[in-house]
Amino acid sequence: MPTIYLETQINAPLETCFDLSTSIDLHKISTAHTKEKAIAGVTSGLVKLNDFVTWEAVHFGIKQKLTSKITQFSRPFHFRDEQQKGAFKSFKHDHYFETQNEFVIMKDKFEFESPFGPIGKFFNTLVLTNYLTKFLGERNAVIKEYAESGRWKEILR
């Protein structure tokens, strides 16, 4: 199963970073390029344990829907979202937050499996792992920007 690890250093309070990461509204901003929108479940505000969200977005020129559920939640240190229904065979996305010196270290562990057996594995290697790494990195850059600039106040009221 392919796994993506990312680490982002943020100069902001731990709780702010965590809450921005659980924000549906910030997620929509960070994924505007894929026209991502929440269409069912929690569609604005912050997610918490057992919440689900159905997202609609355009990836690879195809409109897709994906439902994920928050299956673990320990504010402000960790949460996990897992696909319930969608294009992947499965995925688990762990979000970890810790303070080191004056910074927050935000860590992502994204494990996924594509359908279609050997063809899916080939697609993972050739395209999907790089695509998802860039997608998650862009999202983390938006979280960092909002947390460090004070723009978090536009999202977390």
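Numerical summary
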item	result
Near pairs, Cβ below 6 angstrom, 6+ apart or cross-chain, from the range 1-28 (touching a residue at least 40 places away in the same chain (Cβ under 8 Å)) to any residue that is surrounded by fewer than 15 Cβ atoms within 10 Å (Cβ to Cβ) and among the β-branched types (V, I, T)	L14/T99
Top-ranked residue in the range 142-157 [being part of a helix (DSSP H, G or I) and in contact with a strand residue (DSSP E or B) (Cβ under 8 Å, 6 or more places away or on another chain); ranked as farthest from L20 (Cα to Cα)]	E148
Considering residues of the range 101-141 that are aliphatic (A, V, I, L, M) and outside any strand (DSSP E or B) only, the residue farthest from L46 (Cα to Cα)	I119
Counted residues, the range 23-43 - those being of a type in the set (S, T, N, Q) and within 23 Å of S74 (Cβ to Cβ)	2
Check on D108, crowded, with 18+ Cβ neighbours inside 10 Å, within 30 Å of N11 (Cα to Cα) and either hydroxyl-bearing (S, T, Y) or in contact (Cβ under 8 Å) with a residue 40 or more places away in the chain (or both)	yes
Filter result for E56 (of a type in the set (D, E) and farther than 21 Å from E145 by Cβ)	yes
Enumeration of residues in the range 71-90 that are part of a strand (DSSP E or B) and either β-branched (V, I, T) or more than 24 Å from K144 (Cα to Cα) (or both)	T71, Q83, Q84, K85, S90
Residue list for the range 114-156, restricted to those being among the hydrophobic types (A, V, I, L, M, F, W, C), over 19 Å from T34 (Cα atoms) and in contact with a helix residue (DSSP H, G or I) (Cβ under 7 Å, 6 or more places away or on another chain)	A147, W152, I155, L156
Conditions (1) under 24 Å from E154 (Cα atoms); (2) loosely packed, with under 14 Cβ neighbours inside 10 Å; (3) out of contact with any strand residue (DSSP E or B) (no Cβ under 6 Å at 6 or more places or on another chain); number of the one not met by K63	(1)
Pick from the range 1-23, criterion part of a loop (DSSP other than H, G, I, E, B) and of a type in the set (A, V, I, L, M), ranking: farthest from G45 (Cα to Cα)	M1
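No lab work stands behind these numbers, since they all come straight from the coordinates. Being a predicted model, the structure only gives us computed values, none of them experimental. So basically every Cβ, Gly included, is an ideal-geometry build from the backbone, and we count neighbours across all protein chains shown.
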